[in-house]
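J.: Encoded as structure tokens, here's the structure I'll be asking about.
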Amino acid sequence: MPYHEFDCSKCIPERKKHAVVKGPEDDLTKALPLGYLNTIPGSISERGCAYCGAKHVIGTPMKDVIHISHGPTGCTYDTWQTKRYISDNDNFQLKRTFATDVKEKHIVFGAEKLLKENIIEAFRAFPEIKRMTIYQTCATALIGDDIDAIAQEVMDEMPDVDIFVCNSPGFGGPSQSGGHHKINIAWINQKVGNVEPVITSDYVINYVGEYNIQGDQEIMLDFFRRMGIQVLSTFTGNGSYDELRSMHRAHLNVLECARSAEYICNELRVRYGIPRLDIDGFGFEPLASSLRKVGRFFGIEERAEKIIEEESARWKPELDWYKERLTGKKICLWPGGSKLWHWANVIHEEMGLDVVSVYTKFGHQGDMEKGIARCEVGALAIDDPNELEGLEAMYKLKPDIILTGKRPGEVAKKIRVPYLNAHAYHNGPYKGFEGWVRFARDIYNAIYSPIHQLSYLDISKDEIPDDGGFKTQRMYSDATLPEAVKTSSAMREYTGKYDIIAELRKREYPEFNKKQ
Amino acid sequence: MPDINEKVAQLENFIMKKCLWQFHSRAWDRKRQNENILGMTAKLLCGEEVDTSKPEDKCYWVDASYLAENYRERFDWFSTMSNDEIKELMQALRERIDFVTVDGSLNEELKDPRY
Ligand code: SF4
């Protein structure tokens, strides 16, 4: 696997070891991009800071909590509302963000008094919320504010509240990944084991590394509940603060995003003997295998089989409709950390897309190992790319679509490459069987958008045809399909609803008698 | 009929594309996972009993039984092999996975003494 040197980065020679091309005879021992290192000066990274990783990715999806940043408003503002981690309590944690609004005078004279006033004010403003997380930022870390002491003072004065302190300022790691690590360890050290849960099932799990983007967690929770499994806590999407304090009582940790949350699973295994099962919630076959494995662990595999059979019968014809129209299209999988390996193989197998590149902004070498192992030969794998490298890769690889975040996504649009938001989604959820079809539909809509096709014409120089009329998506996507496929009644377009989560929240679940 | 190297390559490819257990974060984690999961897979393929009384073992067994089932389903040459041949093949697979994920791995984080 040769390293790949970008023309635009020849002036930053250290970048060379951050990209490789997967060759036909290569394996992971031949070359692996470097990863999880400080961004090289001169390379304009697209990463977030360690505070962002702790607060925005992991802390704030917790739903019944006031999340307050101790620092300037900018830190909080920039880590607010760009990820759609919804919750079933009217999105309290998504609608509001809190900051202590530290100014220059506080840097000089200290901001502890300000912090205490803000904590009390926030609890008074939302008296129904009794839990809080506080995040350290660069400025308040540098002046040495003792957040733990202030939090303890407030807890002594207000015995009905509980506060978690996360000491992960922006400079506390090379990227947001440093913050994931810190908050995982802080949570297990400070909070796990503090609450004893009511156990209602013989089968009890923590669902870990799942952030309920547009309802992903609720889709998976639905499957687990249909199987009679008690999900003690979700770390952390749509998760509840007190449930997450009782993680130590689960029988199994079901781990989805190992990049952001393997740390707490590893610690729960070492400290409490709870095994860790890594799963994939995306794609029909990986999801089916994952549900089977969880069922098998508890000896209730037939309950998983029933779900798999029902869901596959309902949704497979719709997935196939999109597969026929997406096969052979080139895709760059450029997400943050874990989705490159969650999607690399299954998107090829189940949607027919050819993955021409994988990249990760903050992944570690372990993520690249998984991603490269799962993608096809010829793919370009890049660690922490800068904007110019992203552009160069797109010009060279000519993808039909890229899946990435909103910053590189907007850059892609400018050179007329359609993009889907891999972090916050477009019309998710993407997990579950139906979710996977919704994902295929979004990819289809992006690639064959008639508006996008028009954008290929440059009105400053191209001849603009005025005799063809308006073309629909189907006219583009079906142009070269065989007649039998076009008219097949065995396949159909997506027929689900706009909002598939509202109904799930009202659903009633079968009672399974508890044996023990 | 593929030779043992071709068989190992096919089995390795399945693990790499479909599994996640081989990529835990530290060298000792990976060795432990490889030993337990591939060890149990070998036993299951030979029709031997495995002990799943401890939660940890049950979790290994979940991944091992998934692997064993898929191997039997996808590679029909398994049905023509004796138990001794299966053991020899699985030993070679274990050595190969240990090499790719640990001993020959370029992942510098594997040596980190802490999680
Ligand atoms: S790097 Fe520091 S100042 Fe910037 S957003 Fe992160 S915590 Fe705030």
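J.: Can you run down the residue pairs with Cβ atoms below 9 Å, 6 or more apart or on separate chains, where the first is in the stretch A:71-86 and more than 14 Å from every other protein chain (Cβ to nearest Cβ) and free of Cβ contacts under 8 Å to residues at least 24 places away in the same chain and the partner is within 13 Å of the ligand (Cβ to nearest atom) and of a type in the set (A, V, I, L, M, F, W, C)?
T.: Correct list of pairs: A:74/A:99; A:76/A:99; A:77/A:99.
J.: What residue, among those in the stretch A:277-288 that are more than 7 Å from every other protein chain (Cβ to nearest Cβ) and without any contact (Cβ under 8 Å) to a residue 40 or more places away in the chain, is surrounded by the fewest Cβ atoms within 10 Å (Cβ to Cβ)?
T.: Checked the stretch A:277-288; the qualifying residue surrounded by the fewest Cβ atoms within 10 Å (Cβ to Cβ) is A:288.
J.: List the helices (runs of 4 or more DSSP H) inside the stretch A:58-157, counting only whole elements, that have at least 2 residues being within 16 Å of the ligand (Cβ to nearest atom).
T.: Numbers: elements: A:73-77, A:92-95, A:104-109, A:112-125, A:138-142, A:147-157.
Fully inside the stretch A:58-157 and qualifying: A:73-77, A:104-109, A:138-142.
J.: Among what's in the stretch B:62-83 and is of a type in the set (Gly, Ala, Ser) and within 14 Å of another protein chain (Cβ to nearest Cβ), pick the residue that is surrounded by the most Cβ atoms within 10 Å (Cβ to Cβ).
T.: We begin by selecting, within the stretch B:62-83, every residue of a type in the set (Gly, Ala, Ser); these are B:64-65, B:68, B:79, B:82.
Narrowing the set further to residues that are within 14 Å of another protein chain (Cβ to nearest Cβ) leaves B:64-65, B:68.
Numbers: B:64: 24, B:65: 20, B:68: 21.
Ranking the qualifying residues of the stretch B:62-83, first place goes to B:64.
J.: While we're here: Could you go through the stretch A:354-361 and let me know if any residue there is under 30 Å from residue A:181 (Cβ atoms) and outside any strand (DSSP E or B).
T.: Yes - at least one qualifying residue is present in the stretch A:354-361.
J.: Is there a residue in the stretch A:193-214 that is in contact (Cβ under 8 Å) with a residue 60 or more places away in the chain and among the acidic types (Asp, Glu)?
T.: Checked against the condition, which is being in contact (Cβ under 8 Å) with a residue 60 or more places away in the chain and among the acidic types (Asp, Glu), the stretch A:193-214 yields at least one hit.
J.: Same structure again: Look through A:395, A:359 and report the one residue that is open to solvent by 30 Å² or more (accessible area, probe 1.4 Å) and more than 13 Å from chain B (Cβ to nearest Cβ).
T.: On the way: A:359 fails: open to solvent by 30 Å² or more (accessible area, probe 1.4 Å).
From the options A:395, A:359, the qualifying one is A:395.
J.: Among A:33, A:24, which is the only one that is over 27 Å from the mean Cα position of the chain (by Cα), in contact (Cβ under 8 Å) with a residue 40 or more places away in the chain and within 13 Å of chain B (Cβ to nearest Cβ)?
T.: Numbers: A:33 fails: over 27 Å from the mean Cα position of the chain (by Cα).
Within the list A:33, A:24, the selection yields A:24.
J.: For the stretch A:153-181, name all the residues that are touching a Leu at 6+ places or on another chain (Cβ under 7 Å) and under 15 Å from residue A:123 (Cβ atoms).
T.: First pass over the stretch A:153-181, keeping only residues touching a Leu at 6+ places or on another chain (Cβ under 7 Å): A:174.
Listed by number, the list is empty, since nothing qualifies.
J.: Counting just the residues of the stretch A:43-57 that are open to solvent by less than 20 Å² (accessible area, probe 1.4 Å) and in contact with a strand residue (DSSP E or B) (Cβ under 8 Å, 6 or more places away or on another chain), which one comes out nearest to the ligand (Cβ to nearest atom)?
T.: The extreme case among them is A:51.
J.: To continue, here is another question. Filter the stretch B:84-111 for residues that are open to solvent by 70 Å² or more (accessible area, probe 1.4 Å) and more than 9 Å from chain A (Cβ to nearest Cβ) and give the result. I'd like the intermediate steps shown before the answer.
T.: Step one: list which residues in the stretch B:84-111 are open to solvent by 70 Å² or more (accessible area, probe 1.4 Å), which gives B:84-85, B:87-88, B:91, B:95, B:99, B:103, B:108, B:111.
Passing the criteria: B:84, B:85, B:87, B:88, B:91, B:95, B:111.
J.: Which residue, of A:410, A:376, is surrounded by fewer than 16 Cβ atoms within 10 Å (Cβ to Cβ) and free of Cβ contacts under 8 Å to residues at least 40 places away in the same chain? It would help to see each step written out before you state the result.
T.: Numbers: A:376 fails: free of Cβ contacts under 8 Å to residues at least 40 places away in the same chain.
Step by step, each of A:410, A:376 is checked, and only A:410 is surrounded by fewer than 16 Cβ atoms within 10 Å (Cβ to Cβ) and free of Cβ contacts under 8 Å to residues at least 40 places away in the same chain.
J.: Related question: Touching a residue at least 12 places away in the same chain (Cβ under 8 Å) and either surrounded by 13 or more Cβ atoms within 10 Å (Cβ to Cβ) or in a loop (DSSP other than H, G, I, E, B) (or both): does that describe residue B:114? Working first, answer last.
T.: Values: touching a residue at least 12 places away in the same chain (Cβ under 8 Å): no; either surrounded by 13 or more Cβ atoms within 10 Å (Cβ to Cβ) or in a loop (DSSP other than H, G, I, E, B) (or both): yes.
Criteria not met by residue B:114.
J.: Still on this model: Can you spot a residue in the stretch A:330-347 that is surrounded by fewer than 22 Cβ atoms within 10 Å (Cβ to Cβ) and away from chain B (no Cβ under 11 Å)?
T.: Taking every residue of the stretch A:330-347 in turn, at least one turns out to be surrounded by fewer than 22 Cβ atoms within 10 Å (Cβ to Cβ) and away from chain B (no Cβ under 11 Å).
The values are calculated or read from the model by the stated rules, or taken from the named source; none is laboratory data. Only a predicted model underlies this, so the values are computations on that prediction, with no experimental measurement involved. As a convention, Cβ positions derive from the backbone with ideal geometry for all residues, glycine included, and neighbour counts pool all protein chains shown. Side chains included, ligands, DNA and RNA excluded: accessible areas come from the protein's heavy atoms. Shrake-Rupley method; radii C 1.70, N 1.55, O 1.52, S 1.80 Å.
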